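See below for the structure under consideration.
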Amino acid sequence: MQNLLQSYIPEKALTQVLKLLEHDNLLIRIKNERKTRHGDYKRLPNDQHEITINSNLNKFRFLITLIHEIAHFEAYKTYGRFIKPHGIEWKRSFQHLMLPFINPNIFPEHLLPLLAKHFKNPKASSDTDANLALALKQFDPPSNKTYIFEVPLGSVFKLYNGKVFKMGQKRVKRFECIEVSTGKLYLFNPNAEVEIVIPEDVGIS
């Protein structure tokens, strides 16, 4: 397990993470990038438990995602199977497990206040925390992707599946965007990653 994880998480976090994973029936698998999730947890039919994490995450996002999924396992062990996936039991488990990692030996100092704020009430995805998501993105390899909340009004962008949209107004939390080919209105979370395109490049005059 040490050899599997040591290249994916901050060095100073490794010992503590390995302690959390000292369960014979807990499996960790590293997956290729999945566009709809960073990681997941599931209970297998043979009473084993499996956590999968995307291999393309930077080491800080990988660590947060890994602890997120371990928290599902711990919540199941502590509270049983009849709990909400991201309910209060999971939140308590996530907060408890993450607390020892929120220190300057593991995370850069400028991330610590953002992490402390986020873990007062952790969400189902850290991507819904715009400030934290943007700060974590600084450690990603360069790419042509941007977040919805950074896209100028009226600009055209496309998703990983090739669908093209025009940027609209912000509602309370999400953004209105029009699918160019159908004219349908969609609502996007602020931290959806998209690629801004030149209208002529996608056949829009």
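The values are calculated or read from the model by the stated rules, or taken from the named source; none is laboratory data. What you are looking at is a predicted structure, and each value in this text was computed from that prediction instead of being measured. Heads up, the Cβs are rebuilt from the backbone with ideal geometry, glycines too, and the neighbour counts pull from every protein chain shown.
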Within the range 127-156, of all residues that are of a type in the set (Phe, Trp, Tyr) and not in a helix (DSSP H, G or I), the one farthest from residue 186 (Cα to Cα) is 139
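Please state which one of 181, 143 is within 20 Å of residue 56 (Cβ to Cβ), without any contact (Cβ under 8 Å) to a residue 40 or more places away in the chain and of a type in the set (S, T, N, Q).
Numbers: 181 fails: within 20 Å of residue 56 (Cβ to Cβ).
The match here is 143.
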Looking at the range 12-29, is at least one residue assigned by TED's automatic domain parsing to the domain that holds residue 85, under 26 Å from residue 134 (Cβ atoms) and not hydrophobic (A, V, I, L, M, F, W, C)? yes
Please count how many residues of the range 69-86 are out of contact with any Phe, Trp or Tyr (no Cβ under 6 Å at 6 or more places or on another chain) and either touching a residue at least 60 places away in the same chain (Cβ under 8 Å) or within 16 Å of residue 119 (Cβ to Cβ) (or both). 3
State all residues of the range 123-142 that are touching an Asp or Glu at 6+ places or on another chain (Cβ under 9 Å) and closer than 18 Å to residue 88 by Cα; if no residue qualifies, say none. 123
Among 77, 12, which is the only one that is surrounded by fewer than 17 Cβ atoms within 10 Å (Cβ to Cβ) and at pLDDT 95 or above? 12
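Return the residues of the range 184-205 that are assigned to a strand (DSSP E or B), within 23 Å of the chain's Cα centre (by Cα) and touching a residue at least 24 places away in the same chain (Cβ under 8 Å); say none if nothing qualifies.
Residues of the range 184-205 assigned to a strand (DSSP E or B): 185-188, 193-197.
The next check asks that each one be within 23 Å of the chain's Cα centre (by Cα); those that pass are 186-188, 193-196.
Once the filter is applied, which keeps residues that are assigned to a strand (DSSP E or B), within 23 Å of the chain's Cα centre (by Cα) and touching a residue at least 24 places away in the same chain (Cβ under 8 Å), the range 184-205 yields 188, 193, 194, 195, 196.
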Please determine whether any residue of the range 31-42 is at pLDDT below 95, crowded, with 19+ Cβ neighbours inside 10 Å, farther than 17 Å from residue 93 by Cβ and under 14 Å from the mean Cα position of the chain (by Cα). yes
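Just give me the residues in the range 110-126 being in contact with a Leu (Cβ under 9 Å, 6 or more places away or on another chain) and outside any loop (DSSP other than H, G, I, E, B), in sequence order.
At the first step, the residues of the range 110-126 found to be in contact with a Leu (Cβ under 9 Å, 6 or more places away or on another chain) are 111, 114-115, 117-119, 126.
Within the range 110-126, 111, 114, 115, 117, 118, 126 meet the criteria.
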Mind listing just one residue for me: the one in the range 13-56 that is of a type outside the set (S, T, N, Q) and in contact with a His (Cβ under 6 Å, 6 or more places away or on another chain) and, of those, nearest to residue 140 (Cα to Cα)? 41
If we scan the range 118-137, do we find a residue that is touching a helix residue (DSSP H, G or I) at 6+ places or on another chain (Cβ under 8 Å) and of a type in the set (Ser, Thr, Tyr)? yes
